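Take a look at the structure below.
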Amino acid sequence: MTSVDVLVVVHTTVYGQRLRSVHALLDADPRVRVRFTVAPHTFNRGAAAHVRRLGATVLPWAEAVRRSFDLVLAAGSRGLERLHGPTVRLTHGVGHNKLSPSGIGAGRTVAGLGPEYLVWQGRLVPAAYALAHRDDRTELGRGCPEALSIAEVVGDADHDRIAAALPDRERYRTALGLAPEERLVLLCSTWGSGSLFARLDTVLPRLAAELPRHGHRAALLVHPNVAAAHGPRAVRARVAGTAPRAVSVPGPEEDWRPLLVAADVVIGDHGSVTLYGTMTGAPILLAAYPQHGINPRSPGARLARTAPALSPSRSLTAQLDRAAERYRREDYAAVAARISSEPGRFDLRMRQLLYRVLGLAEPTPPPVPPVLPLPSPLWPAADDGVGAPAAITAATRAASGAPSAW
């Protein structure tokens, strides 16, 4: 029996989460040996713990760069030029909303789609670049036309998992401990100075003061890069200090997708999770949007033209009610359609790509997309041990060192 070696490169927790739907397509094949390594990255705190939770075989980075592999899987670019083997790159977010920090004005490329992400000393590093939407391929042609030859549109795994879970929304709400009449307000933040997290000191006190406790629950999803930079405990302490007992804070390893499926309202920014919220039927309010850093052709920019901005001068509850009243499903569906141009086909198309690069025949049974797991309850207010109470989940306790899993 032919045996092949696959290396999964985990730069950060987010990249690891993004790759889980890819290496899962290989896990059951006895011909394939899958191993992991943690690559150098500014935000790789938590990446090693993510890999350990998978129960996977881990190679030190210094050893990984000395070996040869039949396939390398990655969702980031740093250090890939040092690895030996055909690399399949996956994007680590959705929509390619952000502009690269390099360059000036119109000369800036779209993050993930410029030569600085794909080319090293004049050569293309990946053997294939898996994209979610055909418009991403068009954008790639603007920023790095030499990479069009390796681009393949496969769809988006998280899009497909969320779409499949939406008909069972009530099961996810029940698992979270939500009563039928309760409204879940989900705050979603990416990282960086233009994020919702950077404005928490103004947004959370208003939420704590104005959102009625009866009939409402609130949870905050924070990009794992924030926890990587400051530590999960510091994130919880900041929330507890500004909105005590008001907001649940899932940890960086908690699966965010079930919470998005269950949400009644989303307060977000230009991050990926907010964009996935356009699929759900939940009205969206934008609390932060750094226009100068956003690709004007992206679905994130279209969302900014569709969703109302959170006003600092109007009642929060009035804005939530107004957003629900003015919500038009077709407007948000048009944004959601830019997430994937292969809806429901990620597993099929991604597996075809992987086995073509490996040079192996695909297994006979078609891939069966996994069902989103039921989430842990959003626990009532409890003392989190940092000097102020906060609602926490089992995953939050795991991030602080207790056994458990964003």
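Say we look at the range 83-101 and pick out the residues that are out of contact with any helix residue (DSSP H, G or I) (no Cβ under 6 Å at 6 or more places or on another chain) and among the hydroxyl-bearing types (Ser, Thr, Tyr); which of these is modelled with the highest pLDDT? The residue in question is Thr91.
Among the residues of the range 183-242, which ones are of a type in the set (Lys, Arg), in a helix (DSSP H, G or I) and within 17 Å of Thr317 (Cβ to Cβ)? Listed by number, the list holds a single entry, Arg206. Of all the listed residues (Arg66, Arg35, Arg78, Arg45), the sole one being outside any strand (DSSP E or B), farther than 24 Å from Asn225 by Cβ and of a type outside the set (Asp, Glu) is Arg66. Tell me, yes or no, whether the range 135-152 has at least one residue that is in a loop (DSSP other than H, G, I, E, B) and over 17 Å from the mean Cα position of the chain (by Cα). Yes - at least one qualifying residue is present in the range 135-152. Is it the case, given these coordinates, that Thr190 is surrounded by fewer than 23 Cβ atoms within 10 Å (Cβ to Cβ), among the β-branched types (Val, Ile, Thr) and within 23 Å of Ala243 (Cα to Cα)? No.
Screening Glu63, Glu116 for residues that are of a type in the set (Asp, Glu) and over 25 Å from the mean Cα position of the chain (by Cα) leaves exactly one candidate, Glu63.
Scanning the range 193-237 for residues that are surrounded by fewer than 21 Cβ atoms within 10 Å (Cβ to Cβ) and of a type in the set (D, E, K, R) yields Arg199, Asp201, Arg206, Glu210, Arg213, Arg233. The condition of being acidic (Asp, Glu), within 22 Å of the chain's Cα centre (by Cα) and open to solvent by 40 Å² or more (accessible area, probe 1.4 Å) holds for only one of Asp160, Asp168, that being Asp168. Summed over the range 287-320, the residues that are part of a loop (DSSP other than H, G, I, E, B) and either open to solvent by 40 Å² or more (accessible area, probe 1.4 Å) or more than 24 Å from His159 (Cα to Cα) (or both) give a count of 11.
When the range 135-157 is limited to residues that are of a type in the set (D, E, K, R) and in contact with an Asp or Glu (Cβ under 9 Å, 6 or more places away or on another chain), the one that is least open to solvent (accessible area, probe 1.4 Å) turns out to be Asp156. Test Thr2 against the stated conditions and say whether it is of a type in the set (Ser, Thr, Tyr), more than 21 Å from the chain's Cα centre (by Cα), surrounded by fewer than 17 Cβ atoms within 10 Å (Cβ to Cβ) and in a loop (DSSP other than H, G, I, E, B). Yes. Taking the criterion of being aliphatic (A, V, I, L, M) and open to solvent by less than 10 Å² (accessible area, probe 1.4 Å), the residues of the range 268-286 that qualify are Leu275, Ala282, Ile284, Leu285. The selection criterion, being modelled with pLDDT under 95, open to solvent by 20 Å² or more (accessible area, probe 1.4 Å) and not in a helix (DSSP H, G or I), does not hold for Arg338.
The set of residues in the range 5-32 that are farther than 19 Å from Ser68 by Cβ, open to solvent by 20 Å² or more (accessible area, probe 1.4 Å) and not in a helix (DSSP H, G or I) comprises Ala24, Leu25, Asp27, Ala28, Pro30. Note on the range 48-63: residues that are part of a loop (DSSP other than H, G, I, E, B) and surrounded by 14 or more Cβ atoms within 10 Å (Cβ to Cβ) total 3.
The values are calculated or read from the model by the stated rules, or taken from the named source; none is laboratory data. All values derive from a computational prediction rather than experimental measurement. Neighbour counts run over all protein chains shown; Cβ positions are idealised from the backbone, glycine included. SASA here: full protein model, heavy atoms, side chains in, ligands and nucleic acids out. Shrake-Rupley method; radii C 1.70, N 1.55, O 1.52, S 1.80 Å.
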